[in-house]
1. With Ile96, Ile111, Ile106 as the choices, which residue is touching a residue at least 40 places away in the same chain (Cβ under 8 Å) and either under 17 Å from the mean Cα position of the chain (by Cα) or part of a strand (DSSP E or B) (or both)?
2. Residues in region 153-163: is at least one assigned by TED's automatic domain parsing to the domain that holds Glu184, without any contact (Cβ under 8 Å) to a residue 60 or more places away in the chain and charged (D, E, K, R)?
3. Which one of these is surrounded by fewer than 20 Cβ atoms within 10 Å (Cβ to Cβ) and either modelled with pLDDT under 95 or within 21 Å of the chain's Cα centre (by Cα) (or both): Arg3, Arg52?
4. Against the condition touching an Asp or Glu at 6+ places or on another chain (Cβ under 9 Å) and not β-branched (Val, Ile, Thr), how does Leu71 come out, does it pass?
5. Go through (1) assigned by TED's automatic domain parsing to the domain that holds Ile106; (2) part of a strand (DSSP E or B); (3) surrounded by 15 or more Cβ atoms within 10 Å (Cβ to Cβ); (4) not aliphatic (A, V, I, L, M) one by one and return the number of the condition Gly244 breaks.
6. If Leu80 satisfies all but one of (1) under 25 Å from Tyr304 (Cβ atoms); (2) modelled with pLDDT under 95, what's the number of the condition it fails?
Amino acid sequence: MERPLTKHITIGGGPLNLSEYEKVGGYEACRKSLRTLTPDNILQLVKDSNLRGRGGAGFPTGLKWCSMPSLQNSPRPRYLIADADEMEPGAFKDRILMEGNPHQLIEGLIISAYSVDTEIGYIFIRSEYTLAAKRIKKAIEEAYEKGYLGFNILGSGFNFELRLHVSSGRYICGEGTALANSIEGNRAVPRHKVPRQTESGLWGMPTLLNNVETLCNIPHIINNGAVWFKNLSKCKDGGTKIFGVSGKVKKPGAWELPMGTTIREILEEHAGGMLDGLKFRGTLPGGASTDFLVEQHLDVPMDYDSVQKAGSRFGTGTMIVLDDHTCPVGMVHNLESFFARESCGWCTPCREGLPWTAKILKAIEEGKGEPGDIEILEFHIRALGPGRTFCALAPGAMEPLRSALKFFREDFDTHIRDKRCPWR
């Protein structure tokens with residue numbers, strides 16, 4: 001099984017320096033791109049590869065790149081941003097890539113920038129990722145010294161400046177326009193979505209935003225081709241995926257596997273199954289802001305379309321597992337408390353609705369729930385749903401709650417009826 005993203009990452013070891021990265025084929029794709037390929041050639045390769053964004057939305061990467069206006073019809077500067085914020089609870093895949101092989105990310109950024117005619121790039125990383133930031137900073141310095149960054153890269157006439165932006169870290173920065181506001185030094189709140197960021201992003205200029213894992217795939221597509229990349233997968237979406245599992249399993253962690261690997265295989269073969277004495281009840285397949293899937297869904301392939309058909313979202317592909325010794329009400333209360341704290345406060349439904357939701361769940365968990373509380377929660381699920389708020393934070397926060405009421409309603413009713421949590 002090929003693992004292009006992680007094959008040079010050593011568990012417990014440091015990352016490859018630039019010369020070591022070059023010895024295993026690093027920057028070959030960069031040299032190939034700048035010397036023998038046109039931006040349109042690269043764009044077509046990415047489109048043909050069926051690479052979809054690995055940040056959560058799963059939008060086809062090639063189509064996203066196509067939305068950047070042509071150089072003749074747009075002003076300079078133009079920007080490229082690598083989203084390394086990774087604030088989704090349960091997600092840690094990008095951290096592995098940044099700490100383990102930062103030059104892979106930098107090479108992906110250079111090729112992407114060349115393809116869409118951008119000359120300034122940012123890696124937006126949260127301040128808690130201190131080791132990743134330290135290693136990326138060193139790799140950027142090495143790349144400048146070797147001529148892979150800066151002016152007239154490899155004599156190609158292409159210029160690209162890359163900057164590391166360490167943010168204070170907020171979940172709302174996972175929303176692209178809030179991230180852009182943060183880079184500009186403004187409050188991290190979402191903007192109106194029209195025009196799109198590719199038309200007016202950072203400082204009103206065309207801006208392309210991609211996830212770290214997405215960008216790390218680019219050098220491998222250039223080196224090996226679109227057909228090779230598609231053949232790595234078990235579904236129509238191309239490539240491998242770094243899947244993660246957290247919760248009471250025997251071997252929590254992350255693994256690079258073919259896109260389309262089933263939930264059952266990830267949990268039982270790679271995560272080692274549940275801890276002894278515990279049973280599987282459900283999982284949030286794509287991180288904290290996705291709907292629960294339960295035992296009947298264990299054979300669902302982990303890809304965007306299959307997970308959506310099952311009633312959830314693929315998201316980051318990093319599962320959070322619920323076992324039969326953990327209170328689902330308490331688990332959802334914990335998640336909603338996080339989302340309430342991370343609301344930017346820009347719109348009323350999110351600012352007021354999420355704390356109220358967390359307050360009701362806390363009361364139910366502590367045995368203080370009242371008849372009618374479930375109906376109030378269901379009202380909030382509707383009131384904070386898609387199209388009711390300024391961005392997707394609150395609708396995403398409602399997904400675990402909505403599905404918990406669907407699959408674990410009896411647990412909620414028991415808390416309210418018996419005035420206590422059965423797990424306490």
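1. Ile96
2. yes
3. Checking each option against the conditions leaves just Arg3.
4. Spelling it out, Leu71 is indeed touching an Asp or Glu at 6+ places or on another chain (Cβ under 9 Å) and not β-branched (Val, Ile, Thr).
5. It fails just one condition, (1).
6. It is condition (2) that Leu80 fails.
Matching residues to (1) among the hydrophobic types (A, V, I, L, M, F, W, C); (2) within 30 Å of Arg95 (Cα to Cα):
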site	(1), (2)
Gly311	no, yes
His325	no, yes
Cys344	yes, yes
Lys359	no, no
Lys362	no, no
Gly367	no, no
Ile381	yes, no
Gly387	no, no
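Table: residues versus (1) surrounded by 17 or more Cβ atoms within 10 Å (Cβ to Cβ); (2) within 25 Å of Asn50 (Cα to Cα); (3) at pLDDT below 95.
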site	(1), (2), (3)
Gly150	no, no, no
Glu161	no, no, no
Asn181	yes, no, yes
Ala188	yes, no, yes
Thr198	yes, yes, yes
Pro206	yes, yes, yes
Phe229	yes, yes, no
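The values are calculated or read from the model by the stated rules, or taken from the named source; none is laboratory data. Please read these numbers as outputs of a predicted model, since none were measured by experiment. Glycine also receives a Cβ, built like all others from the backbone with ideal geometry; neighbour counts cover every protein chain displayed.
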